[in-house]
1. Give the cross-link partners of K11 among the lysines, using a straight C-alpha distance below 28 Å as the criterion and excluding same-chain residues fewer than 8 apart.
2. Most fluctuating residue of N102, N86, N163 in a GNM of the chain with Cα springs under 10 Å: which is it?
3. Tell me, what is the per residue accessible area of the chain in Å², probe radius 1.4 Å?
4. What part of the accessible area of the chain, given as a whole %, is carbon or sulfur when the probe is 1.4 angstrom?
5. Could you check which residue among G52, G15, G101 shows the biggest mean-square fluctuation in a GNM of the chain with a 10 Å Cα cutoff?
6. Given the options E79, E64, E55, which has the most mean-square fluctuation in a GNM of the chain, springs set between C-alpha atoms less than 10 angstrom apart?
7. For an R0 of 30 angstrom, estimate the FRET efficiency from the Cβ-Cβ distance between I21 and S96 and round to the nearest 0.05.
8. What does the charge add up to near T175, with Lys and Arg as +1, Asp and Glu as -1, over the other residues with Cβ less than 14 Å from its Cβ?
Amino acid sequence: MKIAELKKPNKTVVGIMGILIGMLVVLGIRFVTYQPPEDVHYHANFAVYIDGMQEQFSNPLIYEEISECSISTEKKPSERAHLHENIKDAVHVEDSAVTWGNFFQNINWNVGDKYLDTSDILLVNTQTKKITYVLNGKEVSNITNKVIGDKDRLLISYGTATNDEINKQFSTVATS
């Protein structure tokens, strides 16, 4: 009698099996260690001065109703960073990586390094007037892509303000 010959497994089949087993191990580890993201909610403060006058943000349409803020994982842009209850200087941030540019778009403003577009007027740097951004006590050239941090303080000043006047304006920015 002949002894039955064992077939060697095909190298391709062994390779595919190894990849599948590896994928299952990685997915299993990911499944066991996955933690859903925590809810984000923190505040930052800001003030805007135009020609020495503080903007009051009196338009009721720029304020988000608290009841409208959802806890879903997919937030509308206005839910990510907004104002509440006619409090004109406290930004409520409710998502990760929200920028100052995102926030100002939500209240129908746009900001850039050489312009400030309010809902009423476009203000641009000129020979006599300029936009100054002060974030947490330091002048910065642009805030559009700066992520809003917990307890950030931002001043936007447009006009002919001196450094002393800008420092005085910054001192009016609330502290969370």
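1. By straight Cα distance, K11 reaches K2.
2. Answer for the Gaussian network model of the chain: N163.
3. 69 Å²
4. That share works out to 56 percent.
5. Looking only at G52, G15, G101, the biggest GNM fluctuation is shown by G15.
6. E55
7. Efficiency, from the Cβ-Cβ distance: 0.30.
8. Around T175, the charge tally is -1.
The values are calculated or read from the model by the stated rules, or taken from the named source; none is laboratory data. Just so you know, these numbers come straight off a predicted model, no measurement behind them. FYI the Cβ positions are ideal-geometry reconstructions off the backbone, even for glycines, and counts take in every protein chain you see. These accessible areas exclude ligands, DNA and RNA; they are computed on the full protein's heavy atoms, side chains included. Shrake-Rupley method; radii C 1.70, N 1.55, O 1.52, S 1.80 Å.
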